[in-house]
Amino acid sequence: MKSVILYDSLGGNTAKVAETIQRSLTAKAMTPHMVKVDKELMVDLFDYDLIFIGSPVIDWLPTQTLMNFVKRTMKAYSQQGLIKPSSPTIPGKFGISFGTYAGPHIGEKEALPMTMWLNSFLEHLGYTGLDQWLVVGKHHHNPEINKNGRLGNIEDRPHEADLLTIENRVNGIVDSLSAWTA
Ligand SMILES: Cc1cc2nc3c(=O)[nH]c(=O)nc-3n(C[C@H](O)[C@H](O)[C@H](O)COP(=O)(O)O)c2cc1C
């Protein structure tokens with residue numbers, strides 16, 4: 001089963017989660033390809049059976065760079081007739097959206113649109129969206145809200161326990177896909 005981790009990160013929090021996913025997949029004998037998106041990146045996602053796509057939450061959504069990557073990719077696949085009515089599920093193709101957020105105003109609710117947005121992309125391709133993972137990550141530019149936001153003190157997030165949770169979730173997902181990985 002070929003896997004890819006596509007992500008963006010402005011201050012390093014989401015990169016830590018992406019690296020944890022990479023390490024955990026590698027420990028489970030998968031060999032993931034990991035790419036940080038940029039303005040020009042093009043990747044043929046259909047080459048992969050398991051896609052992880054992640055971003056920091058920026059104003060409730062993914063970063064512009066990641067959204068532009070998604071829009072570019074959708075356009076290219078639409079032109080090739082690969083985005084089909086009803087988005088038929090492709091057997092053996094799966095995806096997970098993930099990200100980090102500070103939740104200063106309304107907590108996790110302000111992060112859900114971000115992973116939903118990415119999950120919708122995966123499902124438009126015909127991939128089955130398996131899960132959406134959110135990890136708390138301190139705000140780099142507004143330290144005041146790291147103490148007084150809806151989630152309380154998040155100055156040390158993501159911390160080791162957050163990353164261990166991600167490792168455990170990767171292990172669980174890989175085990176759940178044993179029919180394809182065996
Ligand atoms: C410009 C900007 C906008 C942000 N908007 C939100 C937001 O709407 N909701 C939220 O929960 N966190 C928001 N955050 C906090 C980030 O999502 C959080 O700190 C994240 O962990 C940063 O990840 P990174 O280090 O990978 O860039 C924002 C941060 C920045 C810099």
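Just so you know, all these numbers are worked out from the coordinates, no wet-lab data involved. Bear in mind that the values here come from a model prediction, so they are computed numbers and not experimental data. All Cβ positions, glycine included, derive from the backbone under ideal geometry; neighbour counts span all protein chains shown.
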Fill in the blank from the handout: Measuring from its Cα centre, the chain shows a charge dipole (+1 at each Lys and Arg Cβ, -1 at each Asp and Glu Cβ) which, in debye to the nearest 20, is 300
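Please list, by residue number, every one of the GluC sites (Glu not before Pro) in the stretch 73-182 that is coil in DSSP and has at most 15 other beta-carbon atoms within 10 Å.
On the way: sites: Glu108, Glu110, Glu123, Glu144, Glu155, Glu160, Glu167; in loops: Glu144, Glu155.
Passing both the DSSP loop test and the Cβ count: Glu144, Glu155.
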Practice task
Would you please classify the overall shape of the stretch 50-122 from the alpha carbon gyration tensor, given that a ≥ b ≥ c denote the square roots of the eigenvalues, rounded means a/c under 1.5, and beyond that prolate means a/b larger than b/c while oblate covers the rest?
Solution key: prolate
Completion exercise
Charge dipole of the chain built from unit charges on the beta carbon (Lys, Arg +1; Asp, Glu -1), centred at mean Cα; most positive-end Cα among Gly81, Tyr127, Thr115 is Gly81
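How do the peptides 46-58, 5-17 rank, highest first, by the average count of neighbouring beta carbon atoms within 10 Å per residue?
Details: 46-58: 22.7, 5-17: 20.8.
Per-residue Cβ counts within 10 Å, averaged per peptide and sorted highest first, yield 46-58, 5-17.
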Problem - FRET efficiency estimate (nearest 0.05) - Cβ-Cβ, Glu160 to Phe46, R0 41 angstrom - result: 0.70
Exercise for the section: Identify the residues of the stretch 47-87 with backbone N under 16 Å of a label point that sits 7 angstrom from the Cα of Lys2 along the Cα-to-Cβ direction, or state none. Expected result: 47-52
Problem - Prolate/oblate/rounded label for the stretch 1-125 (Cα gyration tensor, a/c 1.5) - result: oblate
Exercise for the section: Determine the calculated [θ] at 222 nm for the chain from helices alone, applying -39500 (n - 2.57) to every DSSP H run no shorter than 4 residues and normalising by the residue count; nearest 500 deg cm²/dmol. Expected result: -11500 deg cm²/dmol
Fill in the blank from the handout: Once phi for every residue in the stretch 172-181 is put through the Karplus expression 6.51 cos²θ - 1.76 cosθ + 1.60 (θ = phi - 60°), the whole-Hz ³J(HN,Hα) values, with Gly and Pro written as x, are x, 5, 4, 4, 5, 9, 4, 4, 9, 8
Fill in the blank from the handout: Most exposed to least, judged by fewest other Cβ atoms within 10 Å, Ile106, Ile145 sort to Ile106, Ile145
Practice task
Let me know the shape class of the stretch 63-182, please: from the alpha-carbon gyration tensor, a ≥ b ≥ c as square roots of the eigenvalues, rounded when a/c is under 1.5, otherwise prolate if a/b is greater than b/c, or oblate.
Solution key: oblate
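If R₀ is 41 angstrom, what is the calculated FRET efficiency for the pair Asn171 and Glu144, using the beta carbon separation as r and rounding to 0.05?
That gives a FRET efficiency of 0.65.
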Handout entry: Ascending count of other beta-carbon atoms within 10 Å, so fewest first, for Ile21, Ile90
Key = Ile90, Ile21
